[in-house]
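Quick notes on the structure that follows.
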Amino acid sequence: MNNDFIKTTLNRDLQPITHVLVLEDENSRQTIILEEANYSIGRDPRNKIALSSKKVSRFHATLLRRTDTKNRSFSYWLLDGDLQGNRSTNGIFINDKRCLVQELKHEDIIRLGFEIQASYYILNNVSDLALLQSGDFQQSSESMIKEDKISNPSRDMKQTLVISEPNVEAEETTNFQNSEITKLASFPELSPNPIIEMNWDGKITYLNPSAISKFPELQNNPSTENHPLLLGLIKNIENHGKNSKLFVREVTIKDQVFEQYIHYLSDKQLIRSYVFDFTKRKVLETQLQESEERYKAFISQTKEGIFLVDAHNKKILEANNALADLLGYSLEDIYSLKLYDLIDLNTAALDEQIKAILKTKKNNNLVKQFQYKSQNKLIVELESNITWVSYGDQIILSFAVRPANKNIHQETFIQEQGLYDLETGLPNRQLFMEQFNTAIANSRRNPNLLCIIFLELEILDENKEKLNYNLRTSILDGFAKRLRASLRSGDTVAHWDMYHFVALLPQVRSIKDVGRVSHRMLDSLKPPFFLDNRKIHIKTSMGIAIKAPDANHITAEILLNQGQSALSKSQESGSNNYKFFDQNIQLEVERLLRIEKLLAHALHRNEFLLYYQPQIDTEKNSLTGLEALIRWDHPDLGRVTPDQFIPLAEETGLIVSMGEWVIETACTQRQIWQRNHLHLTKQPICINISNQQFQQPNFTTTVKNILYKTQIDPNLLELEITEKTIGEDLESAKKTLKELTELGVRIALDDFGSGASALGYLKQFNFSTLKIDLPIVKNFIKNNQDKAMIKAMIAIAESFDLRVIAEGVETKEQVEKLLELGCNQVQGNWLSEPVNTEDISKFLAYSNDLE
C-alpha cells in the first residue's frame, strides 16, 4: 500500500493492544478476544472456553493473565491442566513442543488433544482483528455476534466474535444480517455516504451519487492501482473471496480520514465498500491526546502529590513522582496498590469516607486530613484535597496531598516551607528531619539497624568556579537521580545544603548490608557528567553512622553529629570512599566484604580443607562414626571460622558448590582409610547438608555421581538433614529422601528436638540416626525438662530402631549422666575437638580399642 495515503490505526472501540485466541477444528473456527484474568479450557461445558473434541480432557488447559506493573501491560501464560495441579491426558503443544507452562508469544501455534488447533495473536490494529474474524465459521449453529460486542466488556467469551455489515448512517455502525445487507444494496442512491462496487477484475461497476460527489476521480479515472480506497482489495480476493463477512480499515487521503467497510460478495464476484468520513472525530481524538499529554506533563512536574483512584475497586490509576517521594514508594509499586494500602484506615471506615465524599456535588473540592502509610510502614499525616468526576459508568476520585500544616497556603507551601529542594526535586533538610525523627522513634520497636549517610559532592573540573548556574543545577540534579536510583524504595534521600546530601536507611539487617549499599552508591556516583560538550569529573565522600536496636540513648541529634563527623574522616582520607563513625564497625565491614570477595575464589584456589570429629560409644568404648567439617585457611586472613564464611556462602549461593566438594572429599578420604585398614568397618562418614544444597533439583544425582566416582559403599555415607530443611518444601523433601534411601545412603535427623514436626517426620521418612539438639544437651544437667526430653527422645529412637547421638558434649559429667539416661553415643570436645586429616588418621591407626 501507499503509506503516503493510507495508514491503519486503532479502532475507537478496541483497546490499544488486543490479545486474541483463534480456535479451529473441522467443524468450526472461532476468534476470542482475551480480557479476563483466567480462562479454563476443556471438554466440560463449565469451562469458560468449552471444546467439543472427545480427545480433549474435561479440564485440559488454563490461560492465566500476568500483569507487568512496571510497563503497565500484561501477557497470557498457558498452563497444562487446571489450577488444582491436575494435568491433561494428551498434553498441550506450543509450536510442536510439549509444554507444562509457557508465556504465549505473538503467532504461537497451540495444539490441544490432537484435533483442536489454536493460534495466539497480539494485535494493535482493528483491520487485523477483522481479518481474523472474517474467517470464522460454525457448521452446527449460528455464531454471529453483533459488532457492539467488541466494545462490551461483559460479552460472552465463549462465542465467536465477528463484525457484521454496517448501516450507512455516518454516526452509527449498527450491524445487519445478510438479508438486511441485500435490502440495503437496493437503495444505494439514497445513502448520504459513498458506496463503491468493483468486480474481481478490478473494474469499477458502480458509484452511488455520494461517491461520485466525494471522489470524482474514481469516475474520471477508474484505476484501481493507486487510489487509497481500492488499494489491496483485489490482492485479498484469495483470502476473503469465499467469506461473506466484513473487514474494516482506516484510510487517510490527504488531510481527511475515512473508515472503510469492505464486503466480498462471492456469488456476484463483487467487492462492495461503504465509506464513512471520520475526519472530525480524528481531530477530536488528536486534541484529546494532546490534552492528555499536557495533563501528564503537568502532573509529573508538580511538587504536590497527586493520584487518581477508581471509586469502585479503589485501584490507583495514576500517580506522580511527588507522591512517590512523599511515601517512599517507586511509581511501579504505587500502580500495584489500592487506596486501602495507602490510607491508614480499616476497610469499612475508608469505604464510609468514600461514600460521604461521593454524596457531595461533582467537582466540589473537599479538604480532609488522612494518615498515610509509607513504604517502610511509617505513618505520614497528609492534607488531602479530594474531588470526584464521572466518565460513563466509571467514577474517578482525584487526590492532591501535601504534609499537613494549616498555616501554609497550598499554592506556595513548597517555596515558603521548603519541604522540597527546587533544584533536585528531593526532600530538603526540614522534611528529612521530620522523617528522620519518626524513624528514630520507630527504631525502638524495630529489630534492625538504622543508618544515616552524609555525602559530599566535589566537582573536579579545572574551571569549576566558572560553571554557570544551569550547569551546576544539572550536576546536582544528575547526582540526586543517581543517588536515589542506588537506594532501595523504602530509603529516603534529601538535599541537605549546597553540595551535601543525606540518606536515611530506616531498616538494615546487618552492618555488612550497609557496606554493600555504600559500595553500590559509590559505584553509581563515580562516572563523570557530560554536559554542554564537556566532561565533568566528580568525587564523593561519605560518612556513615549506625544506631543499633537497643541503643535507646542515641538521639537524632547524636546520630546526625556522628554522621557528619564520619564525613569529615572520609574527606580527609581522599576521594570516593566511605567512613563509619565507629572505627570498629569500619574494620568489621571491610573485613566481611573482603571475606565475601575472597570466598568466591577459595574453592578454585584449594583453600578449603576438612576436619573430622569422632562419634564414640562410651559404653563399648568404640568409634561409631566421623563427622566431616569444612574449614578455610586463607594465606593472608589465616583461619576463617565457619560462622564467618558459611552465612556468606549461603547468601551468595556458593554453599552449593562448597557442599558438593565436602561430600566428594569426605567420601574419597573414607575410601583411603578403608584401603589402609585403619580400624574402620561399618562406621559412616557424616556430613551436614545445607538447606540450599538439599533443595537443588539435581541433589540426588550429584550424590549418586560422587558415590560412583569414589566407589564408596553408599551405607558408609550419612547425610545430616535438619527438621527446618525438610519443612521448607515437604513434597520435594519426600521425593529427595526416598531417592537417597533407595541409593542406600543413611539419613540422620539433625537438631532433633528443636522443632515441633520431628515426630511426624519419623513416621514418614526412613532415618538411621537421631542427633539431639545441642542446646538441650548443654542444659539438661540443670534443667529437668531438658533431661525429660532426652529420656523421651531415647525411648522414641529405640521404638524406631535408630541410633541416638548427643552432640556438643563437653564434660565427663555430661557423658556419665547421658549414659544413665540410656544415651551411650556422644560427639563433642570432651573426647576430641575437630582435627585435620593427618591427626585423625593417626588417631585411627593407633587406637587399638576401636573396632
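Exceedance of the 24 Å cut-off in Cα-Cα distance is limited, within the set LYS620/LYS704; LYS373/LYS512; LYS97/LYS235; LYS254/LYS280; LYS787/LYS812; LYS704/LYS738, to LYS620/LYS704; LYS373/LYS512; LYS97/LYS235. With the simple spin-label model, which puts each label point 7 Å out from Cα in the Cβ direction, the TRP661 to ARG488 separation comes to 3.0 nm.
Extension gain for the segment LYS735 to LYS709, taken as residue separation times 0.36 nm less the Cα-Cα distance, is 7.0 nm to one decimal. Of the Cα atoms belonging to region 775-845, the radius of gyration and Dmax stand at 13.8, 41 Å. Taking label positions 7 Å along the Cα-Cβ direction at both ASP582 and LYS682, the computed distance is 5.4 nm, reported to one decimal.
Give me the percent relative contact order of region 710-798, please, defined on Cα pairs under 8 angstrom at least 6 residues apart.
Relative contact order of region 710-798: 26 percent.
Answer rounded, prolate or oblate for region 18-134, using the Cα gyration tensor with square roots of eigenvalues a ≥ b ≥ c: rounded when a/c is under 1.5, else prolate when a/b is larger than b/c, else oblate. Because a/c hits 1.5 or more and a/b fails to exceed b/c, region 18-134 counts as oblate.
Most tightly packed first, judged by the mean number of other beta-carbon atoms within 10 Å of their residues, the peptides 770-782, 593-605, 107-119 read 770-782, 107-119, 593-605.
For region 302-403, the solvent-accessible area of protein heavy atoms averages 46 Å² per residue (probe radius 1.4 Å; ligands and nucleic acids excluded). For region 302-403, taking Cα atoms only, Rg and Dmax work out to 12.6, 37 Å respectively. Each peptide in 521-529, 484-492 gets a packing score, the mean of other Cβ atoms within 10 Å over its residues, and the list from highest to lowest is 484-492, 521-529.
Normalised by the number of residues in region 421-581, the mean separation of alpha-carbon contacts (under 8 Å, six or more apart) gives a relative contact order of 31 percent. Each Lys or Arg adds one and each Asp or Glu takes one away; over the other residues whose Cβ falls under 14 Å from the Cβ of TRP661, this sums to 0. Any idea what % of Cα-Cα pairs in region 421-581 are farther than 20 Å? Looking at region 421-581, the distances longer than 20 Å represent 49 percent of pairs.
In terms of its C-alpha gyration tensor, region 342-392 has a prolate overall shape, because the principal axis ratio a/c (a ≥ b ≥ c, square roots of the eigenvalues) is not below 1.5 and a/b outweighs b/c. The length gained on full extension between GLN256 and GLU590, counted as 0.36 nm times the residue separation minus their Cα-Cα distance, comes to 113.3 nm. Taking the accessible area of region 421-581, probe 1.4 Å, and keeping the other protein chains in place, the carbon and sulfur fraction comes to 49%. When you count the other C-beta atoms within 10 angstrom of each residue and take the mean per peptide, 340-349, 307-316 line up highest first as 307-316, 340-349. Here the Karplus relation 6.51 cos²θ - 1.76 cosθ + 1.60, evaluated at θ = phi - 60°, turns the backbone of region 316-325 into coupling constants of 7, 9, 9, 7, 10, 5, 4, 5, 4, 5 Hz, with x for every Gly and Pro.
The values are calculated or read from the model by the stated rules, or taken from the named source; none is laboratory data. Fair warning: this is a prediction, and the values are worked out from it, not measured in the lab. Cβ coordinates were reconstructed from backbone atoms using ideal geometry, including for glycine residues, and neighbour counts include every protein chain displayed. Note: accessible area is taken over every heavy atom of the protein model, side chains too, but ligands, DNA and RNA are not part of it. Shrake-Rupley method; radii C 1.70, N 1.55, O 1.52, S 1.80 Å.
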